[in-house]
Amino acid sequence: MKLIADTHCHTVASTHAYSTILENVAAAKEKGLKYIAVTDHTGVMPGAPGCWYFQNLMVVPREIDGVKILKGIESNVLGPSGRIDIPEFNERGGLDWVIASIHEIAWSGAKTLENCTKAWLNVAKNPVVNVIGHSGLVNFKYDYEQVIPIFKENHKLIEINASSFVIRRGCYDNCKKIAEICKKCEAPVIVNSDCHFAADVGRFDPAIKLLEEINFPENLIINSNIDSFESYLKNYTGFFK
Ligand SMILES: [Zn+2]
Ligand SMILES: [Zn+2]
């Protein structure tokens, strides 16, 4: 399977990632990707850049060397309220692409199934969020059967994160379960690398392997097809405006 976009990529601005935007773009071009998203960490993540960094992403061109660039963010889900820490300089923070992820360090509240379910149901209602980031975390299980149809209803893309199988130990079974429910209720997913080094841009293999194991329909993988990806961008982001 050939994917055309990697929409979860970190840069040196995250301070625990090691490549620049230009290095990521060059890697994306080499791998034949048409789109890349710059999605650095925010808020209380150690060393995360401040709001000026995200605000000033406007200076980065929309396209470099034939690769289109979505200016994005990987925001933190802060607790059961589902509130995310996106800079508030306009509705979408001036950004094209918003990932909402749970990171232990930024979460307040008990890590119960009830709290996590509540958090994701609230995130689903947030119109600025595009992607539900690496939600198969072992310590943050939620009621997949209840929440995934609500993600679908609210046009959230459920991420199958290729790094999860390497750095988030033990989450394979949860990710598989999530993918199976997405297949059952025809909820679109997006496969991302979550790279922290340019060589890993477009490295989707473990996620694709999981999807192939369960015969996941390609037409539900939004970044497997330029038309479906661009139609999502037109309908649910400001990228073409
Ligand atoms: Zn993350
Ligand atoms: Zn990330």
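May I ask you to compute the full-extension gain from SER108 to LYS125, defined as 0.36 nm times their residue separation minus their alpha-carbon distance, rounded to one decimal in nm?
4.2 nm
Just in the stretch 103-191: which trypsin sites (Lys or Arg not before Pro) are loop by DSSP and have at most 10 other Cβ atoms within 10 Å?
Listed in order of number, the matching sites are ARG169.
Beyond 16 Å, what percent of the Cα pairs of the stretch 1-117 remain?
61
Do any GluC sites (Glu not before Pro) in the stretch 139-241 lie in a DSSP loop with no more than 11 other beta carbon atoms within 10 Å, and if so, which?
The qualifying sites are GLU186.
If you keep only loop residues by DSSP, which GluC sites (Glu not before Pro) in the stretch 54-144 have at most 14 other Cβ atoms within 10 Å of their Cβ?
Hits after loop and neighbour filter: GLU88, GLU91.
So if R0 is 25 Å, what FRET efficiency would SER81 and TYR172 give, r being the distance between their Cβ atoms, rounded to the nearest 0.05?
Between SER81 and TYR172 the formula returns 0.30.
Using helices alone, what [θ] at 222 nm do you get for the chain, with -39,500 (n - 2.57) per DSSP H run of 4 or more residues, divided over all residues and rounded to the nearest 500?
Value at 222 nm, helices only: -9000 deg cm²/dmol.
Could you size up the charge dipole of the stretch 5-236 around its Cα centre, putting +1 on the beta carbon of Lys and Arg and -1 on that of Asp and Glu, and report it in debye to the nearest 20?
Around 280 debye, computed over the stretch 5-236.
Suppose the chain between VAL60 and LEU22 were pulled fully straight at 0.36 nm per residue; how much longer would it get relative to their current alpha carbon spacing?
12.7 nm
Label-point separation (nm) for ASP143 and CYS185, each offset 7 Å from Cα along Cα-to-Cβ?
1.1
Of the cross-linked pairs LYS34/LYS152; LYS125/LYS152; LYS2/LYS68; LYS209/LYS234, which ones have a Cα-Cα span greater than 20 Å in the structure shown?
Cα-Cα > 20 Å for LYS34/LYS152; LYS209/LYS234; rest within.
Dividing the convex hull volume of the Cα atoms of the chain by its residue count, what figure in Å³ per residue is obtained?
Hull volume over Cα atoms, normalised by residue count, gives 108 Å³.
Values in this text are rule-based calculations from the coordinates and carry no lab data. Predicted model, so just to flag it, every value in this text is computed and none were measured. Positions of Cβ are generated from backbone atoms using ideal geometry, with glycine treated the same way; all protein chains shown enter the neighbour counts.
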